[in-house]
Amino acid sequence: MANIVLAHGAWSAAWAWKKMRPLLQEAGHQFYAPTYTGLGARAHLATPDVDLSTHIQDIVSEIEFEDLNDVVLLGHSYGGMVATGVADKVASQLARIVYIDAFAPKDGQSLFDLVGPKAEGNMRKGAERDGEGWKMPVNPMPPDTAPEDVAWAGPRRRPQPIKTFEQKIKLESTEPLPPRDYIYATRNGPGDPFRQFADRARSEAGWTCHELDTSHNPHITCPNEFMALLTKIMAGGK
């Protein structure tokens with residue numbers, strides 16, 4: 001079946017996809033979920049110098065060292081920044097990119113550019129107050145997350161190096177991109193930063209937009225429904 005590579009979200013890591021792993025394996029897929037430098041099981045490698053390019057290279061290296069082709073690249077949330085950078089480097093090895101309630105930057109944009117000055121200011125203040133100026137404290141999980149999932153995920157989440165949100169992405173490749181799908185979580189609350197990308201996916205060539213009746217973390221809150229949509233997307237469905 002498919003070679004699926006994950007670019008996970010901020011403050012998170014491969015562990016957060018624990019519910020999805022058996023579903024993907026049962027469907028016959030090979031699932032690769034590298035954890036970014038400085039997060040999850042690699043939190044001990046966090047330094048002030050870890051930036052977006054570091055995380056892009058984490059995923060590129062996984063694809064290259066595992067000799068992967070025809071990759072379905074999943075980018076969740078901040079992972080959309082990473083997936084966009086990965087596609088710029090290894091587009092010929094990708095079959096499809098699936099953005100999951102994710103940021104989809106254009107050349108020269110940072111994540112801070114995409115969330116706006118208010119959200120940026122709040123995160124910078126948190127880093128100054130609780131993260132030595134360079135570690136952004138974890139943000140709250142969506143309010144509809146089950147208490148047992150909050151209890152499981154909370155202790156595993158780690159501060160995010162601020163340069164990963166500050167660095168502007170640089171896109172240089174002239175290779176054509178594979179088909180891109182956008183999964184928009186319709187239960188996002190006020191100040192939703194992801195609607196802009198869903199709207200773009202509905203109107204821009206090369207994109208297909210899908211909706212899922214969930215909040216921001218479908219891999220945690222509704223894995224079976226999420227898996228059904230991924231299966232449809234990978235089969236070429238709209």
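Nothing in this text is a laboratory measurement; each read-out follows from the coordinates by a stated rule. Note that the structure is a prediction, hence the values are computed from the model and not measured. Quick reminder, even Gly has a Cβ in these numbers, built from the backbone with ideal geometry, and neighbours come from all protein chains shown.
Separation of region 1-61 from region 75-99 is 12 Å, based on Cα centroids.
The ranking of 47, 54, 174 by Cβ neighbour count inside 10 Å, starting from the fewest, reads 174, 47, 54. Phi angles of region 100-113 translate, via the Karplus equation with coefficients 6.51, -1.76, 1.60 and θ = phi - 60°, into HN-Hα couplings of 10, 6, 10, 6, 10, x, 9, 3, x, 9, 9, 5, 4, 4 Hz per residue; Gly and Pro are given as x. From its DSSP helices (H runs of at least four residues, each -39,500 (n - 2.57)), the chain gives a residue-normalised ellipticity at 222 nm of -10500 deg cm²/dmol.
Modelled label positions at residue 175 and residue 205, each set 7 Å beyond Cα in the direction of Cβ, lie 2.1 nm from each other. If you plug the beta carbon distance of residue 43 and residue 192 into 1/(1 + (r/R0)^6) with R0 = 35 Å, you get a FRET efficiency near 0.75. Once backbone amide H atoms are built at 1.01 Å from N, residue 209 has 182 as its partners under 5 Å, excluding neighbours fewer than 5 places away on the same chain.
Seen from residue 138, the other residues with C-beta closer than 11 Å to its C-beta sum to a net charge of +3, counting Lys and Arg as +1 and Asp and Glu as -1.
Look at 148, 120 and count the other Cβ atoms within 10 Å of each Cβ; fewest to most, that gives 148, 120.
Listed from fewest to most Cβ neighbours within 10 Å, the set 76, 44, 210 follows the order 44, 210, 76.
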